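The structure appears right after this line, and notes come after that.
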Amino acid sequence: MKLYFAPGACSVGLHAIMNEIGKPFDLVFVNTKEADNLKPAYLAINPKGKVPALLRDNGKLLTEFPTIAMYLAKSAPEAKLLPADAGDEAEVLELMDYICGTVHPMGYTREFRVGRFAKDKDDEARVIAQATEAREGYLQVLEGAFKGPFYMGEQFTVADAALFFLEMWTVKRTSTPLPPKLAAHYQAMLARPSVKKALETEATY
């Protein structure tokens, strides 16, 4: 398999999941800072022009974080990255959908890519303020749903990998403090071997 990634992007969560599974895979660096994701070579692979993307061994491509995470977890049941209970599994998917479909674009992208949303330079402060307010609310929702020590309780799941990239962005790229449970989770994730390996590898690109 090949994981198309950009350092520090949400793909770091999938990188950590693949390290958890422990099967061989290749990393393909997509330089989003140089807009390589929008150039013909990458668009021929992923017409959506985004990372992450996962090229499976059968030659078929998967995109979108929740989809890739669920595929990886279900293709390696021995790693126990999903709860056994169907209802609990649905909660994991719900969390990933919320993070990727709501929290990511409204609470983070609007600040990180403020030029896309502001009418002009004078409007940027308003857009960032809206993103900050939204982010603070989203983090409180996540804090309230957090069971601890991992998102679903005692079991590490792919939900924790999604939560990690959000926590990392919050700490490194915003002025918003993490609520206590999420802050403790972030530190625990930084110490997890699969995450440490992913971060160390991505730091070389």
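In the Gaussian network model of the chain, springs joining C-alpha atoms below 10 Å, which of Asp123, Asp160, Asp88 carries the largest mean-square fluctuation?
Highest fluctuation of the listed residues: Asp123.
Write out the trypsin sites (Lys or Arg not before Pro) in the range 1-92 meeting two conditions: DSSP loop, and at most 16 other Cβ atoms within 10 Å of their Cβ.
Lys48, Arg56, Lys60, Lys80
Any idea what the dipole of the range 1-92 comes to, in debye rounded to 20, about its Cα centre with Lys/Arg Cβ at +1 and Asp/Glu Cβ at -1?
So the dipole magnitude of the range 1-92 works out to roughly 440 debye.
Under 5 Å between amide H atoms, partner at least 5 residues away or on a different chain: which partners does Ala53 have, H built in plane at 1.01 Å?
Tyr4
Using DSSP, restrict attention to beta bridges with both residues in the chain and report what percent are antiparallel, rounded to the nearest 5.
Values: 7 of 11 bridges.
Around 65 percent of the beta bridges assigned by DSSP in the chain are antiparallel ones.
In the range 86-195, with Lys and Arg counted as +1 and Asp and Glu as -1 at Cβ, which of these residues, Tyr98, Trp169, Leu139, has the Cα nearest the positive end of the dipole, that is, farthest along it?
Towards the positive end, the residue furthest out is Trp169.
How big is the chain by the Kirkwood estimate over distinct Cα pairs, in Å?
By the Kirkwood definition, the hydrodynamic radius is 17.6 Å.
Since every read-out is calculated from the coordinates, none of them should be taken as a lab result. Being a predicted model, the structure only gives us computed values, none of them experimental. Neighbour counts are summed over all protein chains in view; Cβ atoms, including those assigned to glycine, are modelled from backbone coordinates with ideal geometry.
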